[in-house]
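Written out below as structure tokens is the structure these notes cover.
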Amino acid sequence: MKIGILGLGLIGGSIFKSLQALNYDVIGISSSQGEKYDYIYSDRSKLSSCNLVFVCSPMNKVLGDLRDIEPYLSEDTVVSDVSSLKEFVSNEKYKYNFVPSHPMAGTEFSGFENSFEGLFKGAKWVVTPIDGVVPDILGKVITDLGAKIVVTTPKEHDEAAALISHMPLVLSQALFMTADDNELAKKLASSGFRDMTRLALSSEEMACDMVKINHENIQKALLKLYSNIGCLIKENYPDSIHKIKESRDAMYKDGINIY
């Protein structure tokens, strides 16, 4: 089995380094990192010998890259993008076996220099196969990376991503914006405020892509949040927050990968 990775940012670089540590036959394709390291190239035709290809480009480039690599791949080659949105890539058809996916792992940092082996251990890895079937080769690699596969539809994925990833990103940015003009508040801010605004440090390119492509689901999520804040204040607050603490504790009882 030979695996190719197009795009060596945080996610692509971490897949590359993790698979190397697992002794997989893996190559990376990167216009910025090509030829600087062993097994990393700038020539996309090198992907022609791969059985599985991960496309790890920014969302605003992924559709073009998925189309660009078509001439080099056979019909049997499994290709999976790792974009954090799935509907916009699922409406296209390619000559290879395209299986959209999204590893729910990452940090607030970006770039190959911040990628690392083991990023996906214990993480969820969403797969949204067009025919509902996860190819064995893709399933094995994801499992070997230490992730747990979750199969769903592109629509359900994007709605869920708005609730647990994209809305929190926007809220983190808005929270910092709200306190930014109060010098005393910033002077007094400690770990709680730091942790609540960590996502505001996320890649600007990624954040813009998320909001541009998934804005409708984000708006629905924000309206639901606003409604829940109103209900929380109006109802029995002590009882409500006790139930929230219990539910939240149960949700993360097995731990969580940083994201």
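The residues in region 149-158 that are under 14 Å from the mean Cα position of the chain (by Cα) and assigned to a helix (DSSP H, G or I) can be counted, and the count is 3. The requirement of being surrounded by 13 or more Cβ atoms within 10 Å (Cβ to Cβ), assigned by TED's automatic domain parsing to the domain that holds GLY9, part of a helix (DSSP H, G or I) and in contact with a Leu (Cβ under 9 Å, 6 or more places away or on another chain) is satisfied by ILE137. Report yes if some residue within region 32-42 is among the polar types (S, T, N, Q), outside the structural domain of VAL211 (by TED's automatic domain parsing) and modelled with pLDDT of 95 or more; otherwise report no. Scanning region 32-42 turns up no residue that is among the polar types (S, T, N, Q), outside the structural domain of VAL211 (by TED's automatic domain parsing) and modelled with pLDDT of 95 or more.
Might you check whether a residue that is part of a loop (DSSP other than H, G, I, E, B), polar (S, T, N, Q), over 22 Å from MET206 (Cα atoms) and at pLDDT below 95 occurs anywhere in region 72-90? No: zero hits. Of all residues in region 173-202, those that are modelled with pLDDT of 95 or more and not in a helix (DSSP H, G or I) total 6. Residues in region 125-144 that are of a type outside the set (A, V, I, L, M, F, W, C) and at pLDDT below 95: ASP131, GLY132. Counting only residues that are touching a residue at least 12 places away in the same chain (Cβ under 8 Å) and more than 15 Å from PHE98 (Cα to Cα), region 129-150 holds 9 of them.
Here GLY28 meets the list (1) small (Gly, Ala, Ser); (2) out of contact with any Ser or Thr (no Cβ under 9 Å at 6 or more places or on another chain); (3) part of a helix (DSSP H, G or I) almost entirely, failing just condition (3).
The values are calculated or read from the model by the stated rules, or taken from the named source; none is laboratory data. As the structure is a computational prediction, the values presented were derived from the model and not from experiment. Heads up, the Cβs are rebuilt from the backbone with ideal geometry, glycines too, and the neighbour counts pull from every protein chain shown.
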